[in-house]
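Here's the structure we're looking at; comments come further down.
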Amino acid sequence: MPELFGSDAYAPKEIALKVETVGVAKAHMATLPLLMLGLLAGAFIGLGGMFFVIIKSDASLSFAISQLLGGFVFCLGLILVVIAGAELFTGNNLLAMAWADGQITSREVLRNWVLVCAANLVGTTGLALLVYLSGHTHANGGAIGNTVLKIAFAKQNLVWHEAFFKGVLCNVLVCMAVWMAMAGRSVVDKVLAIIFPITAFVAAGFEHSIANMYFMQLALIIQYAEPATAMNVIGAAGNTLTVSGMLGNLGPVILGNLVGGSVFVGLVYHLIYRVAAAASPNATPLIEKR
């Protein structure tokens, strides 16, 4: 009866098949839809970031509660990506499984990652501009904008190795959320699979490259449009946010996200379900090689 109504989850071996099959489709997607879906994913993650800032701007909450609730509402971003459909760079790091199995080439993987990451950047930029123009950053007596500035400044000042390893840990959890969402057969299944890993990475303060694009670009817009506000929040000692500072954060975080998602999730599961299965005399391939 559960199978009749589709309420049973896919087993891990079946998830591995789905991840590879989806990875092949993503790698072969035409450029225009790939870019458009990348734009949407950037905006979706930005919406999760916007939701997160609302919680963080409430000074009445304790650190633990604000981190936990902030992580919970940030889940909106990946829920929109998975359920509505979009191309997110960090989730697409799972293409490493299809690559390791010989289903797609290195060139195809790099094409997807570069185009999607660039489209995510444009999507976060567009959303950051819309959010600022809407006047949202002035909400809660300006606390929203102030919180964005503080978040961006903290990210800009992360040392390289901390940004990298926080990026690794972040995308282990993000890709596990995507992996578990593929086990679900319904919208509710997928949403529940996403909530706990994403809440955990946000609450722990790990670094997500696409979310950082939104936070840091919105902060740069605020600093440009309202220099006095930025000065009051972060400029007491002559500090400013810069494009080079943003790139200095995104570099190690993107590399960390790549390692966390492609190596610690994608390639580890490849070793478990593909290499180990191939070593078994009775193994049957999940996907026929091209």
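Rule-based calculations on the coordinates, nothing more; no lab input. It should be emphasised that the depicted structure is a prediction, and the values quoted were computed from it without experimental measurement. Please note: Cβ atoms are built from the backbone with ideal geometry, for glycine as well, and neighbour counts cover all protein chains shown.
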Between LEU192 and VAL159, how many nm apart are label points set 7 Å from Cα along the C-beta direction?
4.3
Compute the distance from the alpha-carbon center of segment 111-137 to that of segment 155-194, in whole Å.
19
If you average the sequence gap of Cα pairs under 8 Å that are 6 or more apart and divide by the length of segment 12-278, what percent do you get for the contact order?
29
Per GNM of the chain with C-alpha springs under 10 angstrom, the most fluctuating residue out of PHE89, PHE165, PHE215 is PHE165
Net lengthening on full extension, ASN239/ALA11 (0.36 nm per residue, minus Cα-Cα)
76.9 nm
Could you check the simple spin-label distance between ALA225 and VAL114, using points 7 Å along Cα→Cβ, in nm with one decimal?
3.3
Can you sort LEU110, LEU258 so the residue with the fewest Cβ neighbours within 10 Å comes first?
LEU110, LEU258
If you compute Cα Rg over 2.2 N^0.38 Å for the structure shown, which of [x] 0.95; [y] 1.04; [z] 1.21 do you land on?
[y]
Separation of the ASN232 and VAL122 label points, Cα + 7 Å toward Cβ, nm:
3.7
Find which of HIS138, PHE201, ALA96 sits farthest along the positive direction of the dipole of segment 12-278, computed with +1 on the beta-carbon of Lys and Arg, -1 on that of Asp and Glu, about the Cα centre.
ALA96
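Counting GluC sites (Glu not before Pro) as exposed when in a DSSP loop with at most 14 other beta carbons within 10 Å, what is the longest stretch of the chain free of them? Before the final figure, lay out the partial values.
Values: sites that count: GLU3, GLU288.
That would be 4-287.
With contacts defined as alpha carbon pairs under 8 Å and 6 or more residues apart, what's the relative contact order of segment 24-123 in percent? Numbers along the way, then the final one.
Values: 117 pairs, mean separation 46.5, N = 100.
Value for segment 24-123: 46 percent.
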